[in-house]
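Quick note: the coordinates plus some simple rules give every number you see, no bench work behind them. The structure presented is a predicted model; accordingly, all values stated were derived computationally and were not measured. Please note: Cβ atoms are built from the backbone with ideal geometry, for glycine as well, and neighbour counts cover all protein chains shown.
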Amino acid sequence: MSSDFLLPELEIIFSLKIGLFGLVGMLGVLVVPFSGRLIDRVVPWYATLIATSLLLVSQAVQTAAGGINVAAVVIACFALDVGRQAQQVSMTTRVLRSIICFPVKEIATDVQ
């Protein structure tokens, strides 16, 4: 067979893989509100530690099996998305809790 006949078939396969990554990204966005509620119940430092561990695991999966199978890349992308957003939410929670619990006192500017 000529390669001209195979090109449309390859185009369909690549477009399906690209669409799969788009769906994985949307799934990661849908998971974030649930992980945010879970993070609000946990100490923010522990949530940051868990999210960072998830990021390390996703990078390990990507490095180990990224070139072998597309499923490994999909799992790594999903874990990276969820882990990074969970890390951001937990760090923001930590900062905002510290501001609310320990507000900065205004410095008196009146010099007598």
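Neighbours of V29, meaning other residues whose beta-carbon lies under 13 angstrom from its beta-carbon, give a summed charge of 0 when Lys and Arg score +1 and Asp and Glu score -1.
Once the Cα-Cα distance is subtracted from the 0.36 nm per residue extended length, the Q88 to L23 segment shows a gain of 21.2 nm.
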